[in-house]
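Asker: Right, I'll just put the structure down here and ask away after.
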Amino acid sequence: MAKACPPCNQPMDPIPKNRGSSIARFVFVAWLAAADPARAEDADIEKWVGSATAALARRDYAKAIADAKQAQELERAEHRSLLVLGKAYLALGDFKAADAAFEFDLIQKCPEAEEKAVAQLERQALLGRIGLLEKEIAAAPDAKAEESRWKTIAGLTERVGAREAIDLYTRLIAEYGPNWPLRARADVRHYHTDDHPQARADYQRYLLEAKQPVDVEKPLSFLDGEIGDDEMIRICTAVIGRAPNETAAYEERGKAHRKKGAMARAVADLRRAYQMRPNDQGLRNQLVWMQGHKPLHRGRRPDLAGPHLEAARKLAKEGKHEKAINECHDARNADPECYDAHLLLGDCRMALKQYEKAMEAYTAAENLRAHQDASWAIVQITDARDALRKERAARLKDVPADSTDPALVRTRALLLLEDKDSKPAHAEFRRLAALLPKDPDPLLSIGDDLLNGDQRKQHFAEAEAVYRQALERRPDDVRILRRLWDLQSDQDREDAVIADCTRRIGQDDRFADGYFARARAKAGLKQWADAIEDALKTLEIDPTFDEARRLLLEIHTRAKNWDGVEATARAGLAYDPNDVTWAWALGDAAWEKKDASGAKGHYQHAVGLDPYNGETYGNFAELAVKAGWIPLAIENYQKQCDCYPRDFEMAVRFGQFLAHQGEYKKATLQFERAAAATSDDVSRENALEELGHWHYVVGNHPEAVGAYDRLLAIRDNDYIRWQRSLVLVEAGKARQVVDETSAGIVRYPDSAFLFVARANAYRSMEQTDKSAADYTAALGLKGECAEALRGFAILRAGENRHSETIELCDRYLKIDGDDTGILHLRSFACLKRHFSSPKRGDLEQALAGWKKCRELDPKSAAFKRNCEVTEGVMQEEKRQASAEMARITAAAEQAARLEREAEQRRRKLAEQRFLEATEPQLHRKREPKPDFVDQLVEALHNLRAPDNSGFQRMVDQNWKAGAELQRNMNEDAQMNRRLDEIGRKFGK
């Protein structure tokens with residue numbers, strides 16, 4: 001019976017098992033297309049694959065390729081058609097096309113039984129293609145084409161396998177010499193095997209023997225440190241002789257010369273490399289600063305400015321100060337951080353009586369503060385200032401006070417102004433204005449000086465009056481108009497500026513400065529649309545008006561019109577492609593429009609436009625931090641510090657940022673550089689303290705102790721000794737700490753930190769009594785000493801004295817409530833106390849402490865786990881408490897029920913006894929009085945009260961009435977009804 005087709009549930013005729021034949025495949029394809037039209041495409045694939053396979057069997061390779069391509073058009077990665085293509089192309093000798101077919105991960109798609117055969121076919125295609133490339137290399141028209149083919153061979157051999165690739169390259173080396181095959185074999189041995197000695201030998205041979213070595217940076221960087229400096233110099237020299245444009249060769253040779261101490265040759269090589277790569281920031285840093293924040297091979301910074309500085313000193317001694325100044329400039333260009341170059345330049349300027357320039361040089365030297373004699377620069381600045389003042393005084397004497405020569409009057413006024421003697425200077429300028437009635441410059445000098453001091457707001461009115469006098473002399477002078485408009489804007493009188501500009505624009509509609517001033521005034525009033533219109537009109541009149549373009553950018557930014565910012569920045573970048581402002585504005589616009597990748601690209605472009613400006617790197621780093629690009633932020637902060645290697649504050653900030661990111665080792669490098677960058681004792685102390693702390697965090701105990709020793713050499717301090725003791729205790733040198741602190745306590749008996757240090761050492765030695773005594777002594781000396789409280793709490797926690805631990809932690813947290821270590825310790829103490837001797841609220845306190853730890857350190861998995869465990873314990877205890885309460889409630893209810901039953905039995909027994917006592921008298925024949933019977937019924941009702949008080953009252957109050965009733969009762973029907981009612985009351 002025929003089976004049913006699963007997709008369509010139609011009868012399926014038996015198909016021959018051997019579907020390899022074309023007839024059987026044709027029948028199967030026809031049935032597949034007829035049975036399920038939705039699978040017609042699969043049927044077409046089967047048809048073309050079958051046809052291609054049949055053509056391949058007939059060795060009709062063209063037909064096989066055509067049919068296989070038809071199948072490929074229907075399904076690109078169909079492995080059977082790819083296999084047919086590969087075999088057909090191999091048969092035709094087209095190894096490149098065959099290799100392309102096998103590159104589709106054919107081995108992974110084929111059945112396991114065919115994998116070995118497919119791998120052999122792929123290898124055959126690869127080797128055939130490599131053979132073709134070898135023939136093309138022999139006929140290559142130029143070296144560039146040959147290089148391209150060798151690179152292709154190198155890419156192909158990576159698929160063959162390391163061993164076979166090495167054998168192949170060995171054969172090619174014998175045929176083509178030590179060129180690309182030798183380099184390729186070295187790369188394979190370096191990157192794909194562990195045969196580094198052979199790789200080193202191959203690289204050396206390639207660099208020394210290749211006709212034209214290319215891409216030598218990787219081989220040279222591999223050899224750096226593997227071979228000696230002399231051998232590196234020999235190899236680099238050989239490379240430079242055959243490839244003079246290889247920058248890496250000059251750079252590596254310069255490094256080798258520097259290691260040997262040949263600084264002049266090192267500088268020459270690095271300068272040549274920098275000339276070929278002027279935008280390489282790292283190369284520039286090597287040349288100019290030589291990575292001043294890192295220790296060099298010989299433990300000292302290369303003296304790049306040394307030769308120029310020696311020449312300058314020699315010339316200065318000979319009195320040739322002009323030439324000495326030139327050498328000082330060369331020294332500063334070689335090493336901008338050279339303190340002596342700036343200082344000597346100032347001395348030469350002083351010798352030539354160029355006091356202002358001398359002050360500039362001395363100020364630059366004082367700002368560096370890179371030398372222990374930095375105070376000498378401050379003294380020299382004072383001397384230069386005094387000399388300048390004396391020179392001006394002498395020149396003033398040479399100028400007659402009553403002269404009418406405008407040049408002499410101007411000179412006298414300027415000299416008085418330089419001496420900050422404003423009133424006489426203003427008088428001289430007014431005298432000059434009287435001598436030159438059409439010249440507004442004397443009046444402008446007065447106005448500018450009035451607005452130049454700290455009391456400028458008090459002189460607004462006087463300055464405006466002076467500017468208007470100058471404007472009367474020259475009504476269309478833009479310099480005066482701008483000063484006047486700026487002054488009015490400073491007084492928040494934008495309306496006056498707008499009115500004046502509008503009036504002048506009415507007179508001249510091409511007055512660009514008027515449009516610009518009006519745009520700025522309207523921007524001050526936040527009239528964005530009108531301000532943008534005036535700024536655009538300014539640029540229309542004068543496309544080179546750069547201030548207007550920048551004002552337009554500022555307006556769009558303040559109005560948060562980011563499309564306008566982008567358009568303005570693109571226009572500005574088209575006008576000046578090298579202006580960083582526009583590239584940075586494009587980045588800001590993209591950032592505000594949530595295009596993080598676009599912003600990143602624009603910021604990188606801005607940095608590239610000004611690679612020597614550290615502020616640009618700093619701004620980029622800050623934005624990277626906001627975006628969460630921490631690696632990029634670290635990279636740009638590093639570049640900023642490289643631009644200012646002697647900037648103490650920058651190095652400290654970068655170190656703290658690295659420490660916050662967990663990059664403690666890199667942070668220590670920055671603090672080391674900060675300590676070397678300053679000569680100020682306080683700043684160096686801060687840097688060394690940070691350095692010691694982070695070395696301690698990293699676990700570099702010897703370096704941490706060394707930093708603290710350097711710090712103690714500057715200032716002996718018991719707090720620093722305590723920090724140093726922490727490192728020594730951590731390093732297992734507690735006994736040394738005990739000895740040192742004991743000697744220190746003898747000298748300084750009032751030092752709480754020394755007691756804490758010794759207590760920590762005793763605690764690590766498990767001498768708890770001595771440790772507790774020292775902690776108590778420290779607290780007695782300093783009161784709430786945080787360090788003592790912390791150590792004492794840890795000690796008591798180790799002794800499982802939980803209540804004392806919690807008390808000490810509470811005292812510490814009053815000093816520092818955000819210490820996660822103490823919060824963690826307190827929570828554990830609460831938890832342990834709960835399990836040892838349960839106390840109300842301990843679990844809640846433990847959970848609250850760990851929740852605060854999680855707030856302070858959200859990344860900590862331990863705090864999260866502790867919170868979850870504590871919450872689980874609380875929930876389990878609540879469940880157990882609920883179950884116990886339910887059990888107690890059920891027991892109480894059962895006891896109450898039993899007591900009620902007992903009470904009912906007692907009452908029933910009392911009633912029965914009463915009836916037994918009263919029944920004989922109730923049946924007497926005398927007629928009772930009705931009122932007595934009513935009283936008796938009421939008394940019997942009282943027996944139903946919760947207690948027996950009603951029964952007792954009845955007995956006490958109605959005994960006589962009951963006795964009389966018993967004597968007078970009869971057998972009347974009325975009495976019988978009353979007796980029946982009494983019986984019902986008692987349940988008879």
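Asker: Could you please let me know if Asp534 is more than 27 Å from Gly618 (Cβ to Cβ) and under 30 Å from the mean Cα position of the chain (by Cα)?
Answerer: Values: more than 27 Å from Gly618 (Cβ to Cβ): yes; under 30 Å from the mean Cα position of the chain (by Cα): no.
In short, no.
Asker: Can we say Ala589 is within 15 Å of Arg570 (Cα to Cα), out of contact with any strand residue (DSSP E or B) (no Cβ under 6 Å at 6 or more places or on another chain), buried (at least 17 other Cβ atoms within 10 Å of the Cβ) and not acidic (Asp, Glu)?
Answerer: Numbers: within 15 Å of Arg570 (Cα to Cα): yes; out of contact with any strand residue (DSSP E or B) (no Cβ under 6 Å at 6 or more places or on another chain): yes; buried (at least 17 other Cβ atoms within 10 Å of the Cβ): yes; not acidic (Asp, Glu): yes.
Against the criterion (within 15 Å of Arg570 (Cα to Cα), out of contact with any strand residue (DSSP E or B) (no Cβ under 6 Å at 6 or more places or on another chain), buried (at least 17 other Cβ atoms within 10 Å of the Cβ) and not acidic (Asp, Glu)), Ala589 qualifies.
Asker: Output the number of the condition that His660 fails; it satisfies all remaining conditions of (1) under 12 Å from the mean Cα position of the chain (by Cα); (2) under 29 Å from Pro336 (Cβ atoms).
Answerer: It fails just one condition, (2).
Asker: Picking from Phe654, Phe648, Phe671, which residue would you name as being more than 25 Å from Val737 (Cβ to Cβ), of a type in the set (Phe, Trp, Tyr) and more than 15 Å from the chain's Cα centre (by Cα)? Steps first, please.
Answerer: Values: Phe654 fails: more than 15 Å from the chain's Cα centre (by Cα); Phe671 fails: more than 25 Å from Val737 (Cβ to Cβ).
Exactly one residue qualifies, and that residue is Phe648.
Asker: Still on this structure: So for the stretch 750-763 (the condition being more than 24 Å from His660 (Cα to Cα) and surrounded by fewer than 18 Cβ atoms within 10 Å (Cβ to Cβ)), does at least one residue qualify? Quick ask: steps written out before the conclusion?
Answerer: Here is the first cut: in the stretch 750-763, the residues more than 24 Å from His660 (Cα to Cα) are 750-763.
Okay, now just the ones that are also surrounded by fewer than 18 Cβ atoms within 10 Å (Cβ to Cβ), so 750.
For the stretch 750-763, residues more than 24 Å from His660 (Cα to Cα) and surrounded by fewer than 18 Cβ atoms within 10 Å (Cβ to Cβ): present.
Asker: Could you tell me whether any residue of the stretch 608-619 is part of a helix (DSSP H, G or I), touching a residue at least 40 places away in the same chain (Cβ under 8 Å) and closer than 18 Å to Leu632 by Cα? Steps first, answer last, please.
Answerer: Narrowing the stretch 608-619 to residues part of a helix (DSSP H, G or I): 608-609, 614-619.
If we keep only those that are touching a residue at least 40 places away in the same chain (Cβ under 8 Å) too, we end up with 608.
Add one more test, that the residue is closer than 18 Å to Leu632 by Cα, and what stays is 608.
Checked the stretch 608-619: at least one residue is part of a helix (DSSP H, G or I), touching a residue at least 40 places away in the same chain (Cβ under 8 Å) and closer than 18 Å to Leu632 by Cα.
Asker: Looking at (1) more than 37 Å from the chain's Cα centre (by Cα); (2) among the small types (Gly, Ala, Ser); (3) surrounded by fewer than 19 Cβ atoms within 10 Å (Cβ to Cβ), can you tell me which one Ala778 breaks?
Answerer: It is condition (3) that Ala778 fails.
Asker: If we keep just the residues of the stretch 243-278 that are within 35 Å of the chain's Cα centre (by Cα) and part of a loop (DSSP other than H, G, I, E, B), which is modelled with the highest pLDDT?
Answerer: Ranking the qualifying residues of the stretch 243-278, first place goes to Arg277.
Asker: Let me ask something else. Which count do you get for residues in the stretch 490-512 that are buried (at least 17 other Cβ atoms within 10 Å of the Cβ) and either among the β-branched types (Val, Ile, Thr) or in contact with a Lys or Arg (Cβ under 7 Å, 6 or more places away or on another chain) (or both)?
Answerer: Final tally of qualifying residues: 5.
Asker: With over 18 Å from Phe753 (Cβ atoms), hydrophobic (A, V, I, L, M, F, W, C) and in a helix (DSSP H, G or I) as the only criterion, which of Leu795, Leu843 stands out?
Answerer: On the way: Leu795 fails: over 18 Å from Phe753 (Cβ atoms).
From the options Leu795, Leu843, the qualifying one is Leu843.
Asker: Let me ask something else about it. For the stretch 755-792, give me the residue count where each residue is in contact (Cβ under 8 Å) with a residue 12 or more places away in the chain and outside any helix (DSSP H, G or I).
Answerer: Going through the stretch 755-792 one residue at a time, the tally reaches 3.
Asker: Any idea which of Glu807, Glu877 is among the charged types (D, E, K, R) and either in contact with a Cys (Cβ under 9 Å, 6 or more places away or on another chain) or more than 19 Å from Leu795 (Cβ to Cβ) (or both)?
Answerer: On the way: Glu807 fails: either in contact with a Cys (Cβ under 9 Å, 6 or more places away or on another chain) or more than 19 Å from Leu795 (Cβ to Cβ) (or both).
Of the residues listed, the single one that is among the charged types (D, E, K, R) and either in contact with a Cys (Cβ under 9 Å, 6 or more places away or on another chain) or more than 19 Å from Leu795 (Cβ to Cβ) (or both) is Glu877.
Asker: In addition: Has the stretch 876-889 got at least one residue that is at pLDDT below 80 and among the hydrophobic types (A, V, I, L, M, F, W, C)?
Answerer: There is at least one residue in the stretch 876-889 that is at pLDDT below 80 and among the hydrophobic types (A, V, I, L, M, F, W, C).
Asker: From the list Ala674, Ala633, Ala667, which residue is at pLDDT below 80, among the small types (Gly, Ala, Ser), assigned to a helix (DSSP H, G or I) and within 29 Å of Asp857 (Cα to Cα)?
Answerer: Details: Ala633 fails: at pLDDT below 80; Ala667 fails: at pLDDT below 80.
That would be Ala674, the only listed residue that is at pLDDT below 80, among the small types (Gly, Ala, Ser), assigned to a helix (DSSP H, G or I) and within 29 Å of Asp857 (Cα to Cα).
Asker: Identify, please: which residue in the stretch 292-339 is small (Gly, Ala, Ser) and part of a loop (DSSP other than H, G, I, E, B) and is, among those, modelled with the highest pLDDT? Walk me through how you get there before you give the answer.
Answerer: Of all residues in the stretch 292-339, those small (Gly, Ala, Ser) come to 292, 299, 305-306, 311-312, 316, 319, 324, 331, 334.
Next, only the ones that are part of a loop (DSSP other than H, G, I, E, B) stay: 292, 299, 305, 319.
Numbers: Gly292: 36, Gly299: 32, Ala305: 71, Gly319: 84.
If we take residues in the stretch 292-339 being small (Gly, Ala, Ser) and part of a loop (DSSP other than H, G, I, E, B), then Gly319 is modelled with the highest pLDDT.
The values are calculated or read from the model by the stated rules, or taken from the named source; none is laboratory data. Note that the structure is a prediction, hence the values are computed from the model and not measured. Cβ: placed from backbone, ideal geometry, glycine included. Neighbour counts: every protein chain shown.
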